[in-house]
1. What length, rounded to one decimal in nm, is gained on full extension from Ser375 through to Asp34, with 0.36 nm per residue of separation minus their alpha-carbon distance?
2. Between Tyr130 and Asn61, what is 0.36 nm times their sequence separation minus the Cα-Cα distance? Round to one decimal in nm.
3. Order 1-10, 355-364 from most to least packed using the mean count of other Cβ atoms within 10 Å.
4. Compute the Rg to Rh ratio over the chain from the alpha carbon atoms, using the Kirkwood formula for Rh, and round to two decimal places.
5. Could you tell me the calculated FRET efficiency between Asp140 and Lys102, based on Cβ-Cβ distance and R0 = 45 angstrom, to the nearest 0.05?
6. What whole number of Å gives the distance from the Cα centroid of the range 141-187 to the Cα centroid of the range 102-118?
7. At 0.36 nm per residue, minus the direct Cα-Cα distance, what do Glu54 and Glu194 gain on full extension? Give it in nm, one decimal, please.
8. If r is the Cβ-Cβ distance from Arg360 to Lys391 and R0 is 41 Å, what FRET efficiency results, to the nearest 0.05?
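Bear in mind that the values in this text are calculations on the coordinates, not laboratory data. Only a predicted model underlies this, so the values are computations on that prediction, with no experimental measurement involved. We place every Cβ from the backbone using ideal geometry, glycine too, and count neighbours over all the protein chains shown.
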Amino acid sequence: MKLLTLEQHRKRINNINEAERDNITYTKRHRIVDYMPGQSTYNLGDYPAKFSIEPTEYDYNLLKSMAENGVELIQIHEEWNDAIRHLGADKFTSHDPEGMQKFVDLCHYFGIKIIPYISTGYFHISDPDYREDFGRPGCDYAFRSLYSDFRKCYAGSASWREYMLKKTFEAVDKYGFDGIYNDWGYDGLDIQQEKDVNKDVYDIKFPYDPEIEDLLCLVYNEVKRRGGVYKVHADLNNRPNTKDRVYDYLWIGEGVKGKNFGIGKEYQPYIVPCQHMHFNEYPTLDYYYATTIPFMQFPLLKSGRPFYGKAIDVPGVKYYTPIEDTFEAKVQKYMKDHPDGPYVYSLWSGIPDDTMEYSRWSKFMALYRPMVEQSSIAYIELRDSAAILSKLPGDVYVSMFVNEDMYLVASNLTDEDYTLVLKDNWKDRQSDKISNSFTIKPGEIVFLVK
């Protein structure tokens with residue numbers, strides 16, 4: 001617990017009362033508890049090509065820097081394991097167990113939690129442990145891409161549950177992981193698409209399914225019993241349709257096209273948006289922060305070791321889909337032409353990644369973190385507040401965050417300048433300007449403190 005001075009307690013009490021009195025209409029009020037906004041992917045290598053996970057000087061320096069700049073949690077994807085059993089391990093064990101353990105230990109040395117990719121649904125159909133009764137009876141729902149031929153296993157399969165849950169927590173215990181990143185691999189998406197073949201995948205809403213809810217809850221509750229962190233990815237911008245809590249963090253944004261303002265603002269916190277650069281349509285690189293921060297969402301950093309696109313031509317590996325024109329093929333070609341960088345760091349990156357992404361992420365994290373400290377109160381998307389005198393157009397988003405200080409963030413997502421007029425004087429935390437009036441350019445966000 002953060003111990004406050006007498007004056008800080010007085011300020012906090014005044015701020016809480018003022019915010020509750022002034023803020024009349026808003027989308028959501030949320031008291032922040034156990035929120036880790038600083039999250040990142042960390043690429044370990046180009047699976048299924050062989051590589052070492054053992055930390056290098058590069059990893060040491062990068063993880064040290066990431067910790068210093070606010071990264072609290074990293075997620076590693078299927079390059080940590082051996083999902084197609086090409087390197088002598090399996091989906092639930094590392095192909096480099098000693099290197100994996102040393103990498104986990106290094107993360108913990110810097111105070112960073114690390115969670116691995118594990119799925120409650122995806123399992124390779126050629127795995128010797130695969131059984132037909134892992135899948136939904138009479139169905140063949142699968143995800144096939146490059147070397148992957150993953151069956152979407154059925155949440156209502158007792159044999160799949162028995163197998164997967166045991167293996168999952170053996171992996172967590174073996175390497176000392178701090179929880180799980182669950183790419184759910186739910187066949188409900190396929191079922192809904194079959195029911196309405198003309199419906200856009202982005203508009204699909206999952207009906208309530210007690211079987212997937214129960215499976216997610218079993219994993220979530222076991223992770224929490226161990227004091228861990230549970231992150232779920234439920235396809236695109238979707239959330240699981242459940243009555244019970246099934247995640248600490250929900251990752252959205254993968255594979256999503258177009259401009260989407262406020263997606264997830266009414267979801268159960270906490271939401272971690274990923275800017276999938278292949279589909280980027282935003283005019284500036286700061287714009288994405290303006291579309292997420294007012295909704296108490298902070299973008300996922302994409303980092304780690306450079307990505308070379310080696311996955312497309314590994315000897316002895318069977319490929320199920322063409323490799324031409326894939327993201328990996330484009331990365332491989334780019335890296336042959338640019339061996340010294342700039343580099344690509346993830347499957348969700350541009351080719352190459354923007355060289356300023358890390359510094360930009362760090363800058364916004366330093367502004368965001370004080371607003372979302374433990375027990376802060378967030379008023380998301382104010383529409384009527386005595387603190388704001390100017391009219392708020394539909395695509396201007398203002399939110400208030402309250403603790404010992406009172407913060408406002410305001411994003412202008414219109415096509416013209418917007419002037420925010422306030423009842424009292426506030427300070428711009430970037431320019432140090434003190435005023436009750438702030439003009440915000442299109443696509444920009446301002447950070448104010450009272």
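1. Numbers: separation 341, 0.36 × 341 = 122.76 nm, distance 0.86 nm.
Roughly 121.9 nm would be gained on extension.
2. Details: separation 69, 0.36 × 69 = 24.84 nm, distance 4.03 nm.
Stretched out fully, the Tyr130 to Asn61 stretch lengthens by 20.8 nm.
3. The packing order, highest mean first, is 355-364, 1-10.
4. Radius of gyration relative to Kirkwood radius: 0.98.
5. Details: r = 40 Å, r/R0 = 0.89.
My answer for the efficiency is 0.65.
6. Between the Cα centre of the range 102-118 and that of the range 141-187, the gap is 20 Å.
7. Fully extending the segment from Glu54 to Glu194 adds 46.0 nm.
8. Efficiency, rounded to the nearest 0.05: 0.85.
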